[in-house]
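Engineer: I'd like to ask some things about the structure below.
The values are calculated or read from the model by the stated rules, or taken from the named source; none is laboratory data. No experiment lies behind these values; they were computed from the predicted model shown. Methodologically, a virtual Cβ is constructed for each residue, glycine included, from the backbone with ideal geometry; neighbour enumeration extends over all protein chains shown. Calculation scope for accessible area: heavy atoms of the full protein, side chains included, ligands and nucleic acids excluded. Shrake-Rupley method; radii C 1.70, N 1.55, O 1.52, S 1.80 Å.
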Amino acid sequence: MIVGRITRISGPVVTARGMEGIKIRDMVRVGELGLVGEVIEVKGDLVSIQVYEETDGLRVGEPVQSEGRPFLAELGPGLLGTIYDGIQRPLEVIRDQTGVFLARGASGDPLNRSKRWHFVPTAQIGDHVAYGDVVGWVQETPAITHKIMVPEGIRGRIVAIAEGDYTVDEPIAELDTGQKLYMKQLWPIRRPRPSAQKIAPALPLITGQRIFDVFFPVPKGGSAIVPGPFGSGKTVTQQALAKWSDADIVVYIGCGERGNEMTEVLTEFPRLEDPRTGQPLMRRTVLIANTSNMPVAARETSIYMGITIAEYYRDMGYDVALMADSTSRWAEALREISGRLEEMPGEEGYPPYLASRIAEFYERAGRVICLGSPHREGSVTVIGAVSPPGGDFSEPVTQNSLRIAGAFWGLDARLAYSRHFPAINWLTSYSLYLDVLQDWYIRHLGADFLAMRRELLEILQKEDELKKIVQLVGRESLSEPDKLLLDIARTIRDDFLRQNAFHEIDAFCPLKKQYYMMQAILTFYKACQRLVGTVPYDELAKLPEWEQLSKMRYVPNEQIGSFFPKFIQELSTLSKEAVR
Amino acid sequence: MNAPLYAKAYQTITDIKGPLVFLRGAPEVRYGERVTLVDSLGNKKSGQVLEVGEDSIVVQVFEGSDGLDKKGTAVFFSGDVVKLGLSEEMLGRVFDGSGKPRDGLGEIFPEVERPITGSPLNPVCRQQPFQYIETGISSIDLMNTLVKGQKLPIFTGAGLPANRVAVQIARQVIRQSQEELIVVFAGMGITSREYNYFYQEFQKSGALANAVLFLNLADDPTIERILTPRLALTTAEYFAFDRGRDVLVILTDMLNYANALREISSAREEIPGRRGYPGYLYTDLATNYERAGIIQGQKGSVTQLPIVTMPNDDITHPVIDLTGYITEGQIILSRDLDRKGIYPPIDPLPSLSRLMNLGIGPGKTRADHRQVQDQLYALYAQGKELEKLTAIIGSAGLGETERRILRFVERFEREFINQGEQPRTIQESLALAWDLLSEIPRAELRRVEDKYIDQYWRGARP
């Protein structure tokens, strides 16, 4: 084992001497407290280490010990429903050790060592197995079957395998090579987990949020970024997606953000029900919490820890959604460490490798055919929040993320000021995934879904132009059809795109309802267009239908089928007589 | 902060630069350790270790390095990090920015000592905030409710009455809570005029008995400002989590704090981030702001109301921007409202309380609170747009509804926001809000459910 001595301490970066033979990215234990760190630079006989805990109280000369391996994530049953810090210490276990405030040097096994899981083999004695093959399963939660897969580097014929109750440390099978299989496996977090093949995503991640599902969809296996100034609702958006999207598993990373927000997730998710399984949402969720006042270097690992766990469930054949809030804090951690290493800064003080790190991270999203047998397809969807300073999207983190991510959901401070939530700007946002999702939409919702989407966007586009005219000459000088268009656009904005994340019914809007709502608005628009030549527009503006349209988002889900067809029928038969 | 007797002395200073002292050959020194420096005349200063290497140590001197020299200055290392002595006696007392009594009433006898940097609260131990704090100010209580355990900054501009608002809030929360709540007030870089104002206001209103003041004046050492908020927060945590009290911490002005941080960073020749502030400004601010919250199963709470001046009214200034990203909303003071003579000049449009929903509603404030707030917002936003429009094209083309909305805006500013020093209960604020909504035709009240309109709306006035 390599043991060195501390020669310098500067914030989260510690320099040590006498560690000949140590590898970059090796994990080390620093000082008498054994703080966890990682080697990030080797310079002559000195190595620089980023330390994942506060370095207060460390002294020059204290020992630094190599663990002889890179930083590993522990993967196995028991991840779901757990909350970890950035270096996978289970925060509930840490609480029992050190009390309500986090103390240094605390440690805890990521997976419970004493819990017994009921393992059911699917492979048999005599089977040849290799990396990625499923040998059995464990019912991790009522909705999630945890597949036990052969880890990397192991291959052979099974000579022993048996159903039974095991802890994650007990072998569940043995091979003719003498190697044993366990339910727990380890993975270096910075290395993407391989797959047999990356395939093009083709299914939408259904979020129940109208602005995303209709206007800017992201597929399962795609990636999206949500940049926005403070107060524009990044976190509310991320949490709404974590709650309502139809992923099997959600990995939620609170990276350098607020403690109270993690508490919100911890309080709400066990109470909320997954609409598809009826299980508490917490049971499909893994939380990684490294709040802004927790050590900065661990912020950097939290992102990799999260995506490694996401890939692990993907490899079982699940659709995983990963929310990273916020990637800017991760980038800032890179900048801080880089500054302490006295590296030459790139744009805005960020290290020159920022772009490649961001790209590496987003590229770990994707839809794949998993390694091994039986055939499985899984996906990781990455949704990254970005916090640009001053809300200025030209800054490096936003720009570098933009180049990689396939959907851009730009949050707008002005919309937020007028309490239009989600404050996604419909004119500047985009999704590059419409082409790949087109087939799915046509097959499941009919050919007119995308046509209606286009119509809505055109109306909003036209509204934007008309508004500029109104600013100059006033509303009264507009033609009658233009006045109608402005009011329809307002209805689209206020009653369709706005969605109340805190309202019992409106928080989640099924696709069918989204379809009907669009249809209702456009049907009414066409009916009014028919009449606007013969009836003064001011009369049309007083129709009670406007108010009905504004209330349709509160129609309970079980009444969708009975309410909308009738409502739309009524709208289409609007007549001159009705107006009078 | 006296040097303990057993501490070792070093007289090995090599460089003195700004607030930093560099010295050699002190191998036992710990990172973050508290340091006492005694100059050749016997004057004591305190400091903290910023960096340790094999052959050099960097110490930041809180009182500034004036009067220190290379040969005559002895440096004592305490072997421990910077701590603050705490006790119940601190209530009603005034301290300076480094924790020494400023009111001439003598030292306190500490019950416990705590490191002033605090420790992060384990996220699983946090209790989700659930109770509102009545500040008595309508544009906060109704529009952007402050919730126990929240951190809600006030962004202000030079010359705007942020300090008056802060003192008013401090006074009113103590009174409205029947002295259940205490205030810890930290002033960083305040002028002596402000100092007198704060001290007298606290004393006059009787609030001082339920407050602890830490005041660092503009001519006090800059570097001391690095300590001041940490002292205040350590005190607040003691009263909240050891004594079970609800504590409101007012920090003014965090811009001065950030500037002190920048001064040290530039003396260390660190690579500057935006506008010369260090790259770790976010992390540093967060270690202060995140010290707010409630612990599960325990009494007591720490709520923060930091005040930050926007230089040149620029909300994108790094200190404001990063504060906004860390805190749970913001209250913004408006120069326009102030010019109109409106006090408190709180602009509801860009203001936001993220935790509001947790603290309001049936059983807390009132069932219609959320929707009324939403409706007032929407109308005020729409009305402000209309005002801009009429400034260009005149009011001739306006319809009846538009004219009513404009009248609403006028009354909203003059009556609702402009409440002066008179506190209002939340019920009084809601009553006034419904009175204003009666200017508006029913069909325009789209954000309020019918049942509340039926219950509270008094019909559109002629």
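Engineer: Taking both sides together, what accessible area is buried at the A/B interface, probe 1.4 Å, expressed in Å² and rounded to the nearest 100?
Structural biologist: What A and B bury together is about 6300 Å².
Engineer: From the residues A:Gly254, A:Thr327, A:Thr277, which one has its Cα farthest along the dipole of the stretch A:197-433 in the positive direction, the dipole being from +1 and -1 charges on Cβ of Lys/Arg and Asp/Glu about the Cα centre?
Structural biologist: A:Thr277
Engineer: Let me ask something additional. Starting from the Cα-Cα distance between B:Glu113 and B:Asp435, subtract it from 0.36 nm times their residue separation and give me the gain in nm to one decimal.
Structural biologist: In short, 110.6 nm is gained.
Engineer: Hey, got the dipole for the stretch A:197-433? About the Cα centre, +1 on K and R Cβ, -1 on D and E Cβ, debye to the nearest 20?
Structural biologist: 500 debye
Engineer: Charges at C-beta only: +1 for Lys and Arg, -1 for Asp and Glu. How large is the resulting dipole of the stretch B:1-130 about its Cα centre, in Debye rounded to 20?
Structural biologist: With Lys and Arg at +1 and Asp and Glu at -1, about 100 debye.
Engineer: In addition: Let me make sure I get this right: for the stretch B:314-385, a, b and c are the square roots of the gyration tensor eigenvalues over alpha carbons, sorted descending. Under 1.5 in a/c it's rounded, otherwise prolate if a/b > b/c, else oblate. Which is it?
Structural biologist: Here the stretch B:314-385 falls in the oblate category.
Engineer: While we're looking at this one, here's another question. Estimate the FRET efficiency between B:Asn43 and A:Glu41 by the formula 1/(1 + (r/R0)^6), using the beta-carbon distance for r and 41 Å for R0, to the nearest 0.05.
Structural biologist: Rounded to the nearest 0.05, the efficiency is 0.45.
Engineer: Separate question: If R0 is 45 Å, what FRET efficiency do you get for A:Gln139 and A:Val579 from their C-beta distance, rounded to 0.05?
Structural biologist: Efficiency at R0 = 45 Å is approximately 0.15.
Engineer: Rounded, prolate or oblate: which fits the stretch A:226-265 when a ≥ b ≥ c are the square roots of the eigenvalues of the alpha-carbon gyration tensor, with rounded for a/c under 1.5 and prolate only if a/b beats b/c?
Structural biologist: oblate
Engineer: Sort the following peptides by mean Cβ neighbour count (other Cβ atoms within 10 Å, averaged over residues), highest first: A:43-54, A:462-473.
Structural biologist: Highest mean packing first, the order is A:43-54, A:462-473.
Engineer: For the stretch B:124-131, in order, what is each residue's ³J(HN,Hα) by Karplus, 6.51 cos²θ - 1.76 cosθ + 1.60 with θ = phi - 60°, in whole Hz (x at glycine and Pro)?
Structural biologist: Rounded to whole hertz, the list is 6, 9, 6, 9, 5, x, 8, 10.
Engineer: Any chance you could check the Cα centroid distance between the stretch A:76-145 and the stretch A:153-172 for me, in angstrom?
Structural biologist: Measuring centre to centre over Cα atoms gives 16 Å.
Engineer: Continuing with this model, one more query. Hey, got the average number of other protein chain Cβ atoms within 10 angstrom for residues in B:279-292?
Structural biologist: That average works out to 6.
Engineer: Rounded to the nearest whole Å², what accessible area per residue is found for the stretch A:2-71 with the 1.4 Å probe?
Structural biologist: In whole numbers, the stretch A:2-71 has 37 Å² accessible per residue.
Engineer: Which links in B:Lys45/B:Lys70; B:Lys17/B:Lys100; B:Lys17/B:Lys45; A:Lys115/A:Lys180; B:Lys44/B:Lys71; B:Lys44/B:Lys70 stretch past 18 Å when you go from one Cα to the other?
Structural biologist: In this structure, B:Lys17/B:Lys100; A:Lys115/A:Lys180 lie more than 18 Å apart at Cα.
Engineer: Between A:Glu347 and A:Ala200, what is the spin-label point distance in nm, taking each point 7 Å from the Cα along the Cα→C-beta axis?
Structural biologist: 3.0 nm
Engineer: Test of understanding: what is the full-extension gain from A:Asp392 to A:Arg530, defined as 0.36 nm times their sequence separation minus their Cα-Cα distance?
Structural biologist: 45.3 nm
Engineer: Sorted by mean Cβ packing within 10 Å, highest first, what order do the peptides B:120-127, A:177-184 take?
Structural biologist: Ranking the peptides B:120-127, A:177-184 by packing returns B:120-127, A:177-184.
Engineer: Just flag the GluC sites (Glu not before Pro) in the stretch B:134-189 sitting in loop per DSSP whose Cβ has no more than 16 other Cβ atoms within 10 Å.
Structural biologist: The qualifying sites are B:Glu179, B:Glu180.
Engineer: Please list, by residue number, every one of the GluC sites (Glu not before Pro) in the stretch A:477-574 that is coil in DSSP and has at most 14 other beta-carbon atoms within 10 Å.
Structural biologist: Listed in order of number, the matching sites are A:Glu504.
Engineer: Which ³J(HN,Hα) values, rounded to whole Hz and listed in residue order, are derived for the stretch B:406-422 from phi using the Karplus coefficients 6.51, -1.76 and 1.60 in 6.51 cos²θ - 1.76 cosθ + 1.60 with θ = phi - 60°, glycine and proline given as x?
Structural biologist: Per-residue couplings from phi come out as 5, 5, 4, 4, 4, 6, 4, 6, 5, 9, 7, 6, 7, 9, x, 8, 7 Hz.
Engineer: For B:Asp314 and B:Thr191, FRET efficiency with R0 = 30 Å and r from the beta-carbon atoms, rounded to 0.05?
Structural biologist: 0.85
Engineer: Evaluate 2.2 N^0.38 Å with N set to the residue count of the protein assembly as shown, then give the Cα radius of gyration divided by it.
Structural biologist: Computed over Cα atoms of the protein assembly as shown, the ratio equals 0.99.
Engineer: A further question on this structure: B:Lys151's amide H: which non-local residues (gap 5+, or another chain) put their own amide H closer than 5 Å, with H modeled 1.01 Å from N in plane and none for Pro or chain starts?
Structural biologist: Those lying under 5 Å, H to H, from B:Lys151 are B:Gln304, B:Glu328.
Engineer: For peptide A:479-485, compute the average count of partner chain beta-carbon atoms within 10 Å of each residue's beta-carbon.
Structural biologist: Counting other chains' Cβ atoms within 10 Å and averaging over A:479-485 gives 0.
Engineer: How far, in degrees from 0 to 90, does helix A:327-340 lean away from the longest principal axis of the Cα atoms of chain A, to the nearest 10?
Structural biologist: 40 degrees
Engineer: Going 7 Å from the Cα of A:Val100 toward and past its Cβ, which residues in the stretch B:304-319 have a backbone nitrogen under 20 Å from where you end up?
Structural biologist: Those under the cut-off are B:304-305.
Engineer: Going through the stretch A:475-563, which trypsin sites (Lys or Arg not before Pro) have at most 15 other Cβ atoms within 10 Å and a DSSP loop state?
Structural biologist: A:Lys542
Engineer: Of all accessible surface on the protein assembly as shown at a 1.4 Å probe, what whole percent is carbon and sulfur?
Structural biologist: For the protein assembly as shown, the apolar C and S fraction of the accessible surface comes to 50 percent.
Engineer: Mind jotting down the distance between the C-alpha centroids of the stretch A:278-300 and the stretch A:200-232, whole Å?
Structural biologist: 21 Å
Engineer: Each label point is 7 Å from the Cα along the Cα-to-Cβ direction; what then is the distance between the points at B:Asp242 and A:Glu67, in nm?
Structural biologist: 3.6 nm
Engineer: How big, in percent, is the set of alpha carbon pairs in chain A lying more than 43 Å apart?
Structural biologist: 28 percent
Engineer: A further question on this structure: Taking amide H positions as placed in the peptide plane 1.01 Å from N, state which residues far from A:Val42 in sequence (5 or more) or on other chains have amide H under 5 Å from it.
Structural biologist: Result for A:Val42 returns A:Ser48.
Engineer: Just for the stretch A:228-327, what percent of DSSP beta bridges are antiparallel, to the closest 5?
Structural biologist: In the stretch A:228-327, approximately 10 percent of DSSP beta bridges are antiparallel ones.
Engineer: Can you give me the long-range amide H partners of B:Asp103? Hydrogens built in the peptide plane at 1.01 Å from N, cutoff under 5 Å, separation of 5 or more residues or another chain.
Structural biologist: For B:Asp103, whose amide H was placed from the backbone, the distant partners under 5 Å are B:Val94.
Engineer: Okay, moving on. Per-residue Cβ counts within 10 Å, from other chains only, averaged over A:387-395: what number is that?
Structural biologist: What the average comes to for A:387-395 is 4.
Engineer: Please sort B:146-152, B:161-167 by packing, taking for each peptide the average over its residues of neighbouring beta carbons within 10 angstrom, highest first.
Structural biologist: Result, highest mean first: B:146-152, B:161-167.
Engineer: Same structure, new question: How many percent of the alpha carbon pairs in the stretch A:197-433 exceed a separation of 24 Å?
Structural biologist: Every Cα pair in the stretch A:197-433 considered, those over 24 Å come to 42 percent.
Engineer: Still on this structure, please answer the following. Give, rounded to the nearest 20 debye, the magnitude of the charge dipole that the stretch A:449-579 has about its Cα centre when Lys and Arg contribute +1 at Cβ and Asp and Glu contribute -1 at Cβ.
Structural biologist: My answer is approximately 300 debye.
Engineer: In nm, what is the difference between 0.36 nm times the number of residues separating A:Arg403 and A:Arg190 and their Cα-Cα distance?
Structural biologist: Using 0.36 nm per residue and subtracting the Cα-Cα distance, I get 74.6 nm.
Engineer: Find which of B:Thr401, B:Pro129, B:Ile182 sits farthest along the positive direction of the dipole of chain B, computed with +1 on the beta-carbon of Lys and Arg, -1 on that of Asp and Glu, about the Cα centre.
Structural biologist: B:Thr401
Engineer: Need one number: nm distance between label points at A:Ile154 and B:Asp69, each 7 Å from Cα along Cα→Cβ, rounded to one decimal.
Structural biologist: With each label point 7 Å from Cα toward Cβ, the separation is 7.2 nm.
Engineer: Just to confirm my numbers, what's the Cα centroid distance between the stretch A:403-468 and the stretch A:312-332 in Å?
Structural biologist: Each part's Cα centre sits 24 Å from the other's.
Engineer: How large is the accessible surface per residue of the stretch A:449-579, computed with a 1.4 Å probe and reported in Å² as a whole number?
Structural biologist: I get 45 Å² per residue for the stretch A:449-579.
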